[in-house]
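Shown next, in structure tokens, is the structure this report addresses.
Read-outs: derived from the displayed coordinates by stated rules, not from any lab. Every value quoted in this text rests on a predicted model; they were computed, and no experiment measured them. Positions of Cβ are generated from backbone atoms using ideal geometry, with glycine treated the same way; all protein chains shown enter the neighbour counts.
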């Protein structure tokens with residue numbers, strides 16, 4: 001039973017591509033077949049984060065327009081052989097995507113993979129609506145700050161109206177993935193806390209990914225964080241989220257605030 | 001001197017927007033034949049157009065400025081005063097001609113002048129036909145969504161997100177948190193009210209009078225509140 005997931009957010013720069021790569025790698029590492037699909041036509045990034053930028057020959061536009069066959073465009077990961085990438089085109093724009101073409105590609109991917117993870121572009125225009133169009137499940141990536149949360153709310157409204165499932169009157173499963181969570185700043189009240197975010201969006205939480213330099217380091221070497229540094233805090237949080245996607249019941253841990261604890265200690269001494 | 005002072009003091013001015021029902025006359029290619037047909041018809045109903053707003057639709061005929069002026073003159077002689085033009089070539093227009101109107105929508109079939117202004121009637125009057133005059137929304141309203149319900153009250157059981165909007169002809173009730181905009185009494189009902197369980201609204205408006213979140217105090221923020229209109233002033237007060 002194949003599952004199509006869209007990783008979306010509305011706002012840019014919140015961590016959609018990083019999360020797509022990390023979740024895709026974590027699911028593939030458990031032995032299931034996974035394809036990560038870059039829908040950000042014209043501004044592709046997933047190939048870089050996956051470390052496959054030097055192996056791209058054909059892309060999703062070639063497949064949508066029938067210029068290449070799907071197996072020609074798929075790039076198999078060198079580290080995990082159950083993980084593949086369908087890159088976007090950098091030279092075209094989102095208008096090159098057609099609904100019929102995307103429908104055909106997604107249908108074909110469903111027959112080949114257990115998980116089809118679509119990395120949506122930012123925004124609410126054609127690229128984003130086509131990325132979510134045929135999804136069974138949506139992961140809404142949100143940073144704990146007001147503009148990101150409001151944009152996520154907007155995207156949730158679109159998921160409930162513009163997807164194929166919504167139009168057929170079926171429900172699309174939706175999860176919130178909070179990224180770049182900084183426990184120290186949340187404790188100082190400089191960020192929205194988890195309860196505020198969930199209160200506004202009122203959807204189940206898939207995971208909380210702590211803000212970490214390891215994420216940036218992994219992106220720069222072209223490796224999903226869950227492969228590059230599997231013992232780091234963000235990698236473990238992504239692995240937990242991947243297990244929740246598979247239906248496992250994994251208890252949620254809010255990243256601890258170590259500095260906050262020390263602050264308290266010192267404050268007490270001073271007093 | 002005093003008059004300049006006065007304009008400097010009143011640094012804001014309120015403009016209203018209203019929509020009206022207008023008749024549209026659309027002449028056909030042979031203007032003279034069409035005018036004769038019009039004469040024949042108005043003979044049976046003299047004064048039909050008197051005192052009523054009429055729009056001239058020129059989309060089916062090609063007229064130069066002189067032609068438009070001639071037609072306006074002919075219509076004026078028949079007591080038909082044109083308030084605006086539709087479908088005209090903008091290059092043929094100048095400020096002395098009636099303005100070009102766009103965005104017109106067909107009115108409902110029964111929209112003759114006698115019942116064309118339901119806004120002026122009390123809300124209760126329209127409920128005589130056993131139509132529900134309230135809208136119940138059981139879900140939450142997401143950012144970017146707009147709910148428009150000109151014929152009565154809107155009740156939302158969930159929360160109303162930042163960046164969303166509810167427009168109601170009557171009152172608005174929000175059982176969750178109101179974070180977006182609520183515009184009650186949109187069709188000229190000054191007795192409409194807004195109620196919410198928790199006020200985080202961006203803007204509240206009743207009958208065109210509005211206040212933004214900046215303009216009310218901390219005592220009504222994050223509180224259950226109601227809002228109503230008192231002599232043209234929008235009041236926001238705690239509900240408890």
What is the stretch A:86-235's relative contact order, in percent, from Cα pairs under 8 angstrom and six or more apart in sequence?
17 percent
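Give me the mean projected area, in nm² to one decimal, of the convex hull enclosing the Cα positions of the protein assembly as shown.
Averaged projected area of the protein assembly as shown's Cα convex hull equals 37.6 nm².
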Enter the mean projected area of the convex hull around the alpha-carbon atoms of the stretch A:122-271, in nm², rounded to one decimal.
10.9 nm²
Counting alpha carbon pairs within less than 8 Å and at least 6 residues apart, what relative contact order, in whole percent, applies to the stretch B:181-232?
41 percent
Angle, helix A:258-270 long axis vs. longest principal axis of chain A, Cα atoms, 0 to 90°, nearest 10?
10 degrees
I'd like the orientation of helix A:146-162 relative to chain A: the angle between its Cα long axis and the longest Cα principal axis, in ° from 0 to 90, rounded to 10.
40 degrees
Of the beta bridges DSSP finds with both residues in the protein assembly as shown, what % are antiparallel, to the nearest 5?
20 percent
How high is the relative contact order of chain A, given as a whole-number percent (alpha carbon pairs under 8 Å, six or more residues apart)?
24 percent
In nm, give the distance between the simple-model label positions of residue A:164 and residue A:55, each being 7 Å from the Cα along the Cα-to-Cβ direction.
2.8 nm
Which distance in nm do the two modelled labels at residue B:231 and residue B:29 give, with both placed 7 Å along the Cα-to-Cβ direction?
6.5 nm
In nm, to one decimal, how far is the residue A:91 label point from the residue A:193 one, both placed 7 Å along Cα→Cβ?
5.3 nm
Taking only Cα atoms, what is the 0 to 90° angle, nearest 10, from helix A:16-29's long axis to the longest principal axis of chain A?
80 degrees
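Nearest 5 percent is fine: what portion of the DSSP beta bridges confined to the stretch A:1-131 is antiparallel?
Approximately 10 percent, going by the DSSP bridge assignments.
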Using Cβ contacts closer than 10 Å as the measure, can you line up B:43, B:105 from fewest to most?
B:105, B:43
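Need one value for B:224-237: mean number of C-beta atoms belonging to other chains within 10 Å of its residues' C-beta atoms.
Across the residues of B:224-237, the mean count of other-chain Cβ atoms within 10 Å is 0.
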So the pair-distance distribution of the stretch A:55-136, from every Cα-Cα distance in 10 Å bins, comes to percents of 17, 55, 27, 1
For peptide B:144-152, how many partner chain Cβ atoms fall within 10 Å of a residue's Cβ, on average?
2
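Quick one: if you take sqrt(5λ) for each eigenvalue of the C-alpha gyration tensor of chain A, what semi-axes come out, biggest first, whole angstrom? Before the final figure, lay out the partial values.
On the way: eigenvalues 211, 84, 52 Å².
With the √(5λ) rule applied to chain A, the semi-axes are 32, 21, 16 Å.
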Arrange the peptides A:121-128, A:73-80 so that the one whose residues have, on average, the most other Cβ atoms within 10 Å appears first.
A:121-128, A:73-80
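Can you give the Kirkwood hydrodynamic radius of the stretch A:205-260 from its Cα pairs, in Å with one decimal? Could the numbers behind the result be given before it?
Details: mean 1/r = 0.0841 Å⁻¹.
Kirkwood radius, the stretch A:205-260: 11.9 Å.
Across the residues of A:148-159, average count of Cβ atoms on other protein chains within 10 Å?
Whole-number average of other-chain Cβ neighbours for A:148-159 is 5.
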